[in-house]
Structure formats: C-alpha cells, structure tokens
Amino acid sequence: MSQGLVDSERILTQLRIDGYEITPSYDDASIVVNTCGFIDSAKAESLEAIGEAIDENGKVIVTGCLGVHKDDIREAYPEVLSVTGPQQYEQVVGAVYQYTPHDMKHD
C-alpha cells in the first residue's frame with residue numbers, strides 16, 4: 001500500500017470519527033487534494049487536480065508528496081488554504097478544522 005493511500009485513509013478515518021461527512025462532489029465541500037510528486041507526469045497531474053478543485057470549489061487543502069514543493073504550489077495557486085507534505089495527516093486534519101465552518105460538520 002502506498003504512503004499516499006495510507007495518509008488518505010488516516011485523514012478520512014479521522015474526519016469521519018470527528019463527525020465530518022465525506023462527499024463525492026465539490027459542492028459545499030472543503031477539498032483535500034492528496035498529491036504525488038515523484039515523477040514529472042504525476043506532478044503535472046497533481047497540479048492539474050489542484051487547479052480543477054480550485055476552479056470547482058475554491059477551498060483547497062493540499063497534502064502528499066508534492067507538498068514538499070510548497071513554494072511551487074503557492075506560486076501556481078496562491079489561494080490554496082494549506083500545503084503539507086507526506087505523512088503529515090494530523091496537520092491536514094487540523095487544516096480542515098481551521099477552514100471548515102462548524103455547520104459543514106455533521107453529527
């Protein structure tokens with residue numbers, strides 16, 4: 001199992017435990033984009049996913065391997081709310097708490 005998948009599962013599990021609803025659409029969601037940054041095509045795909053999420057929703061939290069290149073992400077997408085690297089799922093969950101209104105959380 002890849003580290004990105006492990007991180008994603010930890011993030012989703014913690015948010016579910018805390019009463020957050022996981023949604024398959026961009027509508028009314030705080031978006032977390034888990035990225036890959038090992039090869040150029042994966043970097044390009046990750047940056048494209050970040051841009052798509054921003055275009056669709058505007059509220060984007062980035063994590064994963066590409067997060068180690070925080071300056072590059074911020075340069076391309078200065079409106080990103082938070083950028084963290086791999087194995088920093090606690091910081092991702094903290095960013096969700098910080099940027100998600102309490103009325104977005106479901107008990």
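The values are calculated or read from the model by the stated rules, or taken from the named source; none is laboratory data. Bear in mind the structure is a predicted one, so any value in this text is a computation, not a measurement. Note that we place each Cβ from the backbone using ideal geometry, even for glycine, and neighbour counts take in every protein chain shown. Accessible surface is based on the protein model in full, side chains and every heavy atom, while ligands, DNA and RNA are left aside. Shrake-Rupley method; radii C 1.70, N 1.55, O 1.52, S 1.80 Å.
Rounded to the nearest whole Hz, the Karplus-based 3J(HN,Hα) values (6.51 cos²θ - 1.76 cosθ + 1.60, θ = phi - 60°) of the range 26-43 follow the sequence 6, 4, 6, 10, 8, 9, 10, 10, 8, 10, 10, x, 7, 10, 4, 5, 5, 4, with x at glycine and proline. For the range 15-107, the list of trypsin sites (Lys or Arg not before Pro) that fall in a loop by DSSP and count at most 12 other C-beta atoms within 10 angstrom is empty.
Ellipsoid fit via the Cα gyration tensor, the chain: semi-axes of 21, 16, 12 Å, each the root of five times an eigenvalue, largest first. The residues of the chain expose, per residue, 60 Å² of accessible area to a 1.4 Å probe.
Taking the longest Cα principal axis of the chain as reference, the axis of helix 3-17 is set at about 20 degrees.
With the simple model of a label 7 Å out from the Cα in the direction of the Cβ, ARG10 to THR23 spans 2.7 nm. Distances between placed amide hydrogens fall under 5 Å for VAL33 paired with ILE61, VAL62, THR63, all partners being 5 or more residues away or on another chain.
In this rough spin-label picture, where each label sits 7 Å from Cα along the Cβ direction, the GLN91-GLU75 distance is 2.0 nm. Karplus-based coupling profile of the range 85-100, in residue order and whole Hz: x, x, 6, 10, 5, 5, 5, 5, 4, x, 5, 4, 4, 5, 9, 9, with θ = phi - 60° in 6.51 cos²θ - 1.76 cosθ + 1.60 and x standing for Gly or Pro.
Averaging the sequence gap over all C-alpha pairs within less than 8 Å and six or more residues apart, then dividing by the number of residues, gives the chain a relative contact order of 32 percent.
Using a probe radius of 1.4 angstrom, the carbon and sulfur fraction of the accessible surface of the chain is 49%. Quick one: in the range 1-45, what % of C-alpha pairs are over 17 Å apart? Taking all Cα-Cα pairs of the range 1-45, the fraction more than 17 Å apart is 46 percent. Derived scalar couplings between HN and Hα for the range 68-81 equal 5, 9, 3, 5, 5, 5, 5, 5, 6, 9, x, 7, 4, 6 Hz in order, rounded to whole Hz, by the Karplus curve 6.51 cos²θ - 1.76 cosθ + 1.60 (θ = phi - 60°), x for Gly and Pro.
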